[in-house]
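Values quoted throughout were computed directly from the atomic coordinates according to the rules given, and no laboratory measurement underlies them. A quick note: this is a predicted structure, and the numbers were derived from the prediction, not measured. Cβ placement follows ideal geometry from the backbone for every residue including glycine, while neighbour counts extend to all protein chains displayed.
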C-alpha cells in the first residue's frame, strides 16, 4: 500500500510539474492586464491584438511553411534511407545506425554552429547568403535521423516473403512497394512526419544560427521578445497552438483506432 501511495504521489507531482505551466500560460492569455501574476478579469483582446501583429503572424507563417517542407522532404528521404538500411548486412547496418544517432544525441547548439559554418563555406563558393534555403536544408538534416528511427521498426515488421511473392507474380519493384510495403508502414510514416514537423517547428538553436537576418522563425522571434518582455499576445498564441496540437492528437488517435479495427476485421 505504501509503495502504491508513493507511486501515485510521484505521478501526480510529475503531471503537475509538466502541465501546470501550460495551464498558467492559457489562463493569462485571457487576462485583462499585462500582469503575469495577477488575474483581474476575462478578455479576448490579446487574441485580437495577436492577429493584428504582422511580425508575429509573419514569423508563425514562416515556421509553418518551413516545418511543412522540412518534414515532408525529411520523411521521404528518411523512409527511402530506412528501406536501404534494412537491406544492409549487420555490420554495415550497425555503422550506419551509429552515424544516424550522432545528430540525435549531439547538442542543438553544436549542430547549429556546425551547420552554419558548413552553409557559410558553401555560400562562399557558390555565392548567396543565409536565408530560407539554408535553414530548410538544416532542418531536413536534423529531422531525417528521427524519421529513420521511427520508420525502421515498421519496415522490419514487414514479411519479406510477401514482397518476394509479389515480385514473382509479376509486380515491378515500385508496384510491389506501393501495394505491399507502403500500406504496412503508413502508420510509421505518418508518425515520422508528425515528429519531424514538431521538431522543425519548435527548433530554435539551428534556426538561430542558419536562418540569417532575412528569415525569422517563431522561436527566434519569441527569444528576441523574451529579452525584453513577453506580452500576453504570446500567451494567446500558445493557447491557439495548444488547441491545434490537441486536435491533431485526437485526429491521429481516431486514425489509429480505425486502422486497428480494419486489421481486426481482416
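Exposure proxy for 59, 213, 224, 71: other Cβ atoms within 10 Å of each Cβ, ordered fewest to most, give 213, 224, 59, 71. Fewest neighbouring Cβ atoms within 10 Å first, the residues 136, 69 line up as 69, 136.
Based on the Cβ-Cβ distance of residue 159 and residue 69, what FRET efficiency does E = 1/(1 + (r/R0)^6) give at R0 = 41 Å, to the nearest 0.05? List each step's numbers first, then the result.
Numbers: r = 34 Å, r/R0 = 0.83.
FRET efficiency, residue 159 to residue 69: 0.75.
Angle of helix 54-87 to the longest C-alpha principal axis of the chain, folded into 0 to 90 degrees and rounded to 10: 20°. Cβ crowding within 10 Å, taken as a proxy for footprinting-reagent exposure, orders 68, 75 from fewest neighbours to most as 68, 75. Extent along the principal axes, Cα only, for the stretch 34-115: 64, 26, 25 Å, with the longest axis given first.
Within the listed set 244, 20, 99, the Gaussian network model of the chain (springs between alpha-carbon atoms below 10 Å) gives the highest mean-square fluctuation for 20. For residue 227 and residue 194, the FRET efficiency from 1/(1 + (r/R0)^6), where r spans their Cβ atoms and R0 equals 35 Å, is about 0.65.
Suppose only helical runs count, i.e. DSSP H with n ≥ 4. What mean residue ellipticity at 222 nm does that imply for the chain under -39500 (n - 2.57) per run, divided by all residues and rounded to the nearest 500 deg cm²/dmol? The partial results should precede the final answer.
Numbers: 12 runs with 213 residues, N = 266.
Rounded to the nearest 500, the figure is -27000 deg cm²/dmol.
Size descriptors for the stretch 77-154: radius of gyration and Dmax over Cα atoms are 14.6, 42 Å. Distance between the modelled labels on residue 126 and residue 12, one decimal in nanometres: 5.8 nm (7 Å Cα→Cβ projection).
Computing FRET efficiency as 1/(1 + (r/R0)^6) for residue 167 and residue 76, where r is the C-beta to C-beta distance and R0 is 30 Å, gives about 0.85.
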